[in-house]
Amino acid sequence: MAATTITIPRLETERLILRAPALQDFEAFADFYASERAHFVGGPLNREESWRMLAMEIGHWQLAGFGRWIVETRDGGAVAGLVGLFCPEGWPEPEIGWDLFEGHEGKGYATEAGAAARAYAYDSLGWDTAVSLVKPANVASARVAERLGARLEGMFTHQRHGAMQVWRHPAPAALSDGGMEAYA
């Protein structure tokens, strides 16, 4: 049986490039997952666990046909985070998620990249809904969901991650019919 190869699209916004994760991103990835910033997303992790996490992110694209992008700044090419579409085993439904690396928070990057990822999910993949899962204490992430027009819908308990808030994003029609702008 021949293996299929998936092409990971490159997205661009005013300030950001969303591109395929690659081995060259490992140091920034490992630094993030070793830090306390990662405690809402399964960290801190050691280098070996971080490598496995990067491999999972790349493999998610192959298995699901979508995934999360490395976020790079257009002015300098700094690796700013990991944002995109995610639905591994155990997730209640497809998610739009964002993880910003140290020094890149508070600049609106998560909102900008999250809006681009949602537009791709709706326009290219034909999704009619999406959620973002947020740990209850992760106030900054909940604010990003709100800026994207998502509304707190309820709670979900994951086997490993525990309790998470379910933030429902506006449907594509709500965004195109004068609702929340795609780049909130």
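No value in this document is a laboratory result; all are computed from the given coordinates. Just so we're clear, the structure is a prediction, and the values are computed from it rather than from any experiment. With ideal geometry, Cβ positions are generated from the backbone for all residues, glycine too; neighbour counts draw on all protein chains shown.
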message: As an exercise, identify the GluC sites (Glu not before Pro) in segment 101-184 lying in DSSP coil whose Cβ has no more than 15 other Cβ atoms within 10 Å.
response: E102, E105, E181
message: For segment 87-184, take the convex hull of the Cα atoms, compute a quarter of its surface area, and give me that in nm², please.
response: 6.3 nm²
query: Each label point is 7 Å from the Cα along the Cα-to-Cβ direction; what then is the distance between the points at E48 and I6, in nm?
result: 2.7 nm
Highest-first arrangement of 54-63, 127-136, where packing means the average Cβ count within 10 Å: 127-136, 54-63
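Multiply the residue gap between A78 and R151 by 0.36 nm, knock off their C-alpha separation, and tell me the result in nm, one decimal place.
23.2 nm
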field: Burial order of peptide ranges 4-17, 113-126 (average beta-carbon count within 10 Å, highest first)
entry: 113-126, 4-17
message: Rounded, prolate or oblate, given the Cα gyration tensor of segment 1-89, with a/c below 1.5 counting as rounded?
response: oblate
query: If you take the square roots of the eigenvalues of the alpha-carbon gyration tensor of segment 37-86 and sort them as a ≥ b ≥ c, do you get rounded (a/c under 1.5), prolate (a/b over b/c) or oblate?
result: oblate
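Work out how much length Q62 to A137 would gain on full extension: take 0.36 nm times their residue separation and subtract the Cα-Cα distance, in nm to one decimal.
In short, 23.8 nm is gained.
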message: Apply the a/c threshold of 1.5 to the C-alpha gyration tensor of segment 124-165 and tell me whether it is rounded, prolate or oblate.
response: oblate
- line: Calculated from DSSP helices alone, with each H run of at least 4 adding -39500 (n - 2.57) and the total divided by the residues of the chain, [θ]222 nm to the nearest 500 comes to -9500 deg cm²/dmol
Estimated distance in nm for a label pair at E36 and L125, the labels positioned 7 Å out from Cα along Cα-to-Cβ: 3.3 nm
query: Evaluated at 4 °C with a viscosity of 1.567 mPa s, what Stokes-Einstein diffusion coefficient in µm²/s does the chain have when Rh comes from the Kirkwood expression over alpha-carbon pairs?
result: 78 µm²/s
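How about segment 1-58: which chymotrypsin sites (Phe, Trp or Tyr not before Pro) there lie in a loop by DSSP and see at most 13 other Cβ atoms within 10 Å?
none
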